[in-house]
Amino acid sequence: MPRRRAKVPPVLLEPKGPWWKEYLGPAAVILAGVLAVLTVAGVLYGLSHPPATDATPLVGEVADPATGVPIPLPSPSPSMSTTPIDDITFERGTVPDTVNLSSEGKIDWVHWGEEGTYSLERATGGGFAILEGTPSSPRRRHTLSPEKFRWTGGTPAPKDTGTTSGIRTCGKGHGFTLSAPAGPEPQTLRLYVGAVAARGELRMSLNTGGETVTTTFEQKGTSMATARYTVSYRASATGKISIEWITDKSYDEDCGGVALQAATLF
């Protein structure tokens with residue numbers, strides 16, 4: 001008996017468009033929605049969780065422990081240079097009526113001429129910080145100073161209540177040389193000098209470098225004029241300051257020249 005073919009419903013036999021058009025539209029809509037949701041979620045997460053950074057903070061910055069973001073710090077104030085400079089400055093002033101050497105010379109002090117032409121009265125505990133160079137002729141003791149010098153704790157003279165003594169020289173080119181310690185720490189030396197019928201030149205220099213500093217002091221009369229020089233100095237290394245007090249011009253053939261009374265270091 002012949003087999004009968006099943007009837008296909010007419011609706012299935014109707015022509016239709018391509019199959020992909022039937023599914024692609026809805027799929028595209030669904031995909032766009034998913035992407036929109038992911039985009040919004042990513043933005044919200046980024047706002048609440050900043051990305052970590054492994055960047056090394058620059059000088060003057062520190063990393064925030066919570067976020068890792070460098071935070072600028074205030075710039076430090078520039079530090080003052082401590083490099084010493086070979087430098088000498090001085091100030092000339094008048095001598096007080098009475099000078100207390102032991103009170104002023106905290107490090108050392110010296111007085112010249114109280115006990116003789118070549119005598120030096122000095123601080124017992126001064127450690128010979130102030131030194132005179134080799135004495136030269138002519139050299140005379142004097143008592144011409146208009147001011148007085150006093151001290152306690154001295155040697156070889158333990159004390160003096162007020163003396164006008166000192167030493168002097170005669171003629172151009174003659175004078176005295178002194179030295180004292182120098183170093184990176186600022187120091188101050190005071191000189192008590194005089195002149196009789198002469199112009200004196202004061203020369204100061206550091207053996208560690210720098211320029212030689214000079215100045216002059218003049219007295220044309222035959223009485224003694226005096227001056228106090230406060231010398232401040234600082235050296236670039238341990239060394240010494242050298243001082244020369246020399247007769248630059250003499251106005252008296254007998255004995256026009258410079259004089260030296262005392263010095264203090266503090």
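The values are calculated or read from the model by the stated rules, or taken from the named source; none is laboratory data. Nothing here was measured: the structure is a model prediction, and the numbers come from that model. Ligands, DNA and RNA are stripped out before the accessible areas are found, and what is left, the full protein with its side chains, is counted by its heavy atoms. Shrake-Rupley method; radii C 1.70, N 1.55, O 1.52, S 1.80 Å.
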Take the cross-link list LYS148/LYS240; LYS106/LYS148; LYS106/LYS159; LYS172/LYS240 and give me the ones stretching past 21 Å between alpha-carbons. LYS148/LYS240; LYS172/LYS240
A correct Karplus calculation of ³J(HN,Hα) over region 131-147, with 6.51 cos²θ - 1.76 cosθ + 1.60, θ = phi - 60°, whole Hz and x for Gly and Pro, returns 10, 9, x, 4, x, 10, 9, x, 9, 10, 7, 9, 10, 9, 5, x, 10
Full extension from PHE266 to THR89: what is 0.36 nm times the residue separation minus their Cα-Cα distance, to one decimal in nm? 62.2 nm
For ARG92, what accessible area in Å² do you get when you roll a 1.4 Å probe over the heavy atoms of the protein chains, rounding to the nearest 10? 130 Å²
The answer for region 117-163, accessible area per residue at 1.4 Å probe in Å², is 56 Å²
Work out, step by step, the length gained on full extension between ARG141 and GLU115: first 0.36 nm times the residue separation, then minus their alpha carbon distance; give nm to one decimal. 8.5 nm
